[in-house]
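We did not get these values from a lab; they are worked out from the coordinates using the rules stated. On a predicted model such as this, the values are computed, not experimentally measured, just so you know. Please note: Cβ atoms are built from the backbone with ideal geometry, for glycine as well, and neighbour counts cover all protein chains shown.
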Amino acid sequence: ARTLESWLASAGPLAALAGLGASDRIAVTGPLGASMHLYAALHALWIGATVTDDLASATALHATPTRLARLLSTDAALPTTAIVAGAGLPARLREQAAARGIRLVEYYGAAELSFVLAARHEHDGGVNAGMQPFEGVEVDVRPADAGLELWARSPYLALDVVGGRLRRDADGFATVGDLAERTPSGGIRVLGRGDSAIITAGATVLAEDVEARLVALPGVRDAAVVGEPHDLLGERIAAVVELEPGTRL
């Protein structure tokens with residue numbers, strides 16, 4: 001649950017960060033059922049730009065790192081600006097984009113928090129120095145059981161979430177349990193969720209949800225689900241199952 005203003009308040013800062021305007025044609029490369037893609041389409045309309053799925057005519061695109069990797073593996077003409085979110089951006093992708101003359105705008109957020117951090121990578125591939133707070137966001141990195149937890153306070157936060165991982169404090173900061181670290185250059189690098197959430201190809205999957213489905217299958221006595229590091233997907237979902245006698249995998 002969020003206010004309309006909590007979404008639209010970030011539209012101007014994102015347009016300035018990415019250098020987008022009314023003359024742009026912006027390609028959205030994923031389903032509008034995902035909040036980052038829905039926001040991308042609404043943002044383009046808000047600035048007066050054109051939304052398209054035609055990459056050849058687009059001047060900018062929104063994509064997850066997984067989708068961008070697949071696009072860069074082809075010889076197809078791509079826009080000169082790519083806005084990337086949904087998972088960590090590997091150094092390999094930054095280098096490939098730089099080799100194609102593509103300027104990357106990376107941001108980190110969550111459906112519950114909206115924008116939190118952002119960075120621009122200007123054609124050089126570059127070392128990942130981390131990201132800086134998105135305009136209008138205050139961030140705090142706090143000790144937690146699993147490491148350092150990232151908290152944010154901004155006008156972009158959701159009001160509340162049903163069944164989600166959103167936690168708030170008395171000072172207006174909120175977190176979804178993502179872990180982070182500060183880089184030597186003063187940036188912030190997001191390390192992933194400290195709970196059971198698995199980020200795969202930009203989608204958040206709760207391990208308990210998958211475990212519950214597996215255990216509900218006939219012949220499955222128990223199951224454990226984890227995320228394994230994966231170059232393309234960020235993480236891939238792996239399951240260990242204990243079967244009843246006589247049950248075949």
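Brief remarks on what is shown
- Note that the range 93-226 carries a Kirkwood radius of 16.7 Å, evaluated over its alpha carbons pair by pair.
- Of Ile198, Ile188, Ile237, the residue with the greatest mean-square motion in the GNM of the chain, using alpha carbon springs below 10 Å, is Ile237.
- Compared with the alpha-carbon gap, the fully stretched path from Leu38 to Thr183 is longer by 49.1 nm at 0.36 nm per residue.
- The string of couplings for the range 157-174 from the Karplus curve (6.51, -1.76, 1.60, θ = phi - 60°) is 5, 6, 6, 6, 9, 8, x, x, 10, 6, 10, 10, 10, 6, 9, x, 7, 9 Hz, one whole number per residue in order, with x for Gly and Pro.
- Relative contact order for the range 201-243: 36 percent, from Cα pairs under 8 Å spaced at least 6 residues apart, divided by residue count.
- Pairwise FRET efficiency - Ala22 versus Glu208, Cβ, R0 = 35 Å, nearest 0.05: 0.20
- Cα-only Debye scattering, the range 201-243: base-10 log of I(q)/I(0) at q = 0.15, 0.23 Å⁻¹: -0.39, -0.75
- The 3J(HN,Hα) values that the Karplus relation (6.51, -1.76, 1.60; θ = phi - 60°) gives for the range 224-236 are, in residue order, 10, 10, 9, x, 9, x, 8, 4, 8, 8, x, 9, 10 Hz. Gly and Pro appear as x.
- Taking only the Cα atoms of the chain, the ratio Rg/Rh comes out at 1.00, with Rh defined as the Kirkwood radius.
- Hydrodynamic radius of the range 43-166 by the Kirkwood approach over all distinct alpha-carbon pairs: 16.1 Å.
- Full extension of the chain between Val141 and Arg2 gives 47.6 nm of extra length, using 0.36 nm per residue less the Cα-Cα distance.
- Highest GNM mean-square fluctuation among Ala174, Ala203, Ala40, for the chain modelled with Cα contacts below 10 Å: Ala203.
- Efficiency of FRET between Arg100 and Ala129 - r from beta-carbon atoms, R0 25 angstrom, step 0.05: 0.70
- Label point of Glu244 set 7 angstrom out along Cα-Cβ; within the range 206-234, amide nitrogens under 13 Å from it belong to 215-222.
- Its relative contact order, with pairs defined as Cα atoms under 8 Å and 6+ residues apart, puts the range 4-196 at 15 percent.
- Build a GNM of the chain with springs between Cα atoms under 10 Å apart, and of Ala201, Ala239, Ala49 the one that fluctuates most is Ala239.
- Sum of -39500 (n - 2.57) over DSSP H runs of 4+, divided by residues of the chain (222 nm, nearest 500): -5500 deg cm²/dmol
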